[in-house]
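Student: One structure, as structure tokens, below. Some questions next.
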Amino acid sequence: MAYFSSKNPNKTLSTQLAIGISLILGVFFQSLLNFFSYEIYGSSIPITLMILIYWNIALPKNIGLSWSFISGILLDLNLGYFLGTHVILFLFISYLTQRYFHRIRAMFQIQQSILIATIVFLYLLILYVFFQEFSFFVILAIILNSLISALVWPILFGLLRLIRRKYTHA
């Protein structure tokens, strides 16, 4: 029981279960969106990354970097990237969001959306520059994905907050 940080193991187990299920569903939906949107403009919004950022902001002591590793490996396997590509990016972004979660929590929703758009832009830029062909068309797709992510963030934030309040009691 030393792995769990809470005095009530059932509470921590339900928290870990909620985090794990939401991240696995995020990987599934991102793979599904990537499959359908690849023909249109090359990629989709990184739902898994946004779910990971939410849990890092909401429960930084419960998520740890292990969930970043697991979701990165699952996303690499589903999307066909080199093994470890998303892992490195997710670990770096998780570290930064856990480091500054107090500041991010204090932001208004519109400020958080702008921050999410910036993070998504840098994430996709790094992903495309190092691991795919790069062109002007790709820049437009990255900007479009960043803007869509900023618009989706309040909806995803509200949905995950509802899940956290209902199932984790934290």
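The values are calculated or read from the model by the stated rules, or taken from the named source; none is laboratory data. Small disclaimer: the values here were computed from a predicted structure and weren't measured. No Cβ is skipped: glycine too gets one built from the backbone with ideal geometry, and neighbour counts run over all protein chains shown. Heavy atoms of the whole protein, side chains included, go into the accessibility calculation; ligands, DNA and RNA do not. Shrake-Rupley method; radii C 1.70, N 1.55, O 1.52, S 1.80 Å.
Student: Evaluate the following for residue 116: is it open to solvent by less than 50 Å² (accessible area, probe 1.4 Å), assigned to a helix (DSSP H, G or I), without any contact (Cβ under 8 Å) to a residue 60 or more places away in the chain and β-branched (Val, Ile, Thr)?
Tutor: no
Here is a yes/no grid of residues against (1) more than 20 Å from residue 60 (Cβ to Cβ); (2) assigned to a helix (DSSP H, G or I); (3) more than 14 Å from the chain's Cα centre (by Cα):
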{"site": "71", "(1), (2), (3)": "no, yes, no"}
{"site": "91", "(1), (2), (3)": "no, yes, no"}
{"site": "129", "(1), (2), (3)": "yes, yes, yes"}
{"site": "151", "(1), (2), (3)": "yes, yes, yes"}
{"site": "156", "(1), (2), (3)": "no, yes, no"}
{"site": "164", "(1), (2), (3)": "no, yes, yes"}
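Student: Within the stretch 48-66, is there a residue that is open to solvent by less than 10 Å² (accessible area, probe 1.4 Å), among the hydrophobic types (A, V, I, L, M, F, W, C) and modelled with pLDDT under 85?
Tutor: Checked the stretch 48-66: at least one residue is open to solvent by less than 10 Å² (accessible area, probe 1.4 Å), among the hydrophobic types (A, V, I, L, M, F, W, C) and modelled with pLDDT under 85.
Student: Exactly one of these conditions fails for residue 107: (1) open to solvent by less than 90 Å² (accessible area, probe 1.4 Å); (2) in a helix (DSSP H, G or I); (3) modelled with pLDDT of 90 or more. Give me its number.
Tutor: Only one criterion is unmet by residue 107, namely (2).
Student: Let me spell it out: the conditions are (1) at pLDDT below 95; (2) open to solvent by less than 70 Å² (accessible area, probe 1.4 Å), and residue 133 meets all of them except one. Which number is the exception?
Tutor: Checking residue 133 against (1) at pLDDT below 95; (2) open to solvent by less than 70 Å² (accessible area, probe 1.4 Å), the one that fails is (2).
Student: Report whether or not residue 121 is touching a helix residue (DSSP H, G or I) at 6+ places or on another chain (Cβ under 6 Å), open to solvent by 50 Å² or more (accessible area, probe 1.4 Å) and under 22 Å from residue 32 (Cα atoms).
Tutor: For residue 121, the condition - touching a helix residue (DSSP H, G or I) at 6+ places or on another chain (Cβ under 6 Å), open to solvent by 50 Å² or more (accessible area, probe 1.4 Å) and under 22 Å from residue 32 (Cα atoms) - is met.
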